[in-house]
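The values are calculated or read from the model by the stated rules, or taken from the named source; none is laboratory data. Please read all numbers here as calculations on a predicted model, not as lab measurements. No Cβ is skipped: glycine too gets one built from the backbone with ideal geometry, and neighbour counts run over all protein chains shown. With ligands, DNA and RNA removed, areas are computed over all heavy atoms of the protein, side chains included. Shrake-Rupley method; radii C 1.70, N 1.55, O 1.52, S 1.80 Å.
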Amino acid sequence: MPFYNESLNLDDFYLQILNQIAIINKQNSKQISCEFIFINDGSTDNTLEILRNLALKDNRIKILNFSRNFGKEAAILAGLQNSSAKATILIDTDL
């Protein structure tokens with residue numbers, strides 16, 4: 001999930017993701033396991049700080065931090081390259 005200056009949306013986005021996973025788990029007999037790969041694409045706001053705080057609370061969160069803005073496509077590629085999952089879902093983070 002690529003983030004670029006999403007500090008205002010990040011908490012809401014994260015809560016929505018958790019809510020959707022809870023709905024899926026409630027509907028299935030087997031609980032899904034997942035990891036969240038959050039890519040900070042050179043944000044200039046406090047997106048990285050918020051991501052780090054979320055990662056302290058949720059060990060499923062993995063953060064990739066770009067030194068500058070490389071663009072959504074580069075962030076998506078980095079996320080795919082760092083995924084160890086059997087399936088990967090790409091999600092825009094701006095709600």
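Residues in the range 56-95 that are within 14 Å of SER33 (Cα to Cα) and either in contact with a Gly (Cβ under 8 Å, 6 or more places away or on another chain) or among the β-branched types (Val, Ile, Thr) (or both): ILE61, THR88, ILE89.
For the range 1-34, filtered to residues that are of a type in the set (D, E, K, R) and within 24 Å of LYS72 (Cα to Cα), the residue that is least open to solvent (accessible area, probe 1.4 Å) is GLU6. In the range 60-77, the residues that are farther than 21 Å from ILE89 by Cβ and exposed (fewer than 14 other Cβ atoms within 10 Å of the Cβ) reach residues that are modelled with pLDDT of 95 or more and of a type outside the set (A, V, I, L, M) with C-beta atoms within less than 7 angstrom, at least six apart or across chains, in these pairs: SER67/GLY42; ARG68/GLY42. I'd like the residue in the range 35-54 that is within 22 Å of LEU77 (Cβ to Cβ) and of a type in the set (Val, Ile, Thr) and, out of all such residues, is surrounded by the most Cβ atoms within 10 Å (Cβ to Cβ). Filtering the range 35-54 for residues that are within 22 Å of LEU77 (Cβ to Cβ) and of a type in the set (Val, Ile, Thr), the one surrounded by the most Cβ atoms within 10 Å (Cβ to Cβ) comes out as ILE39.
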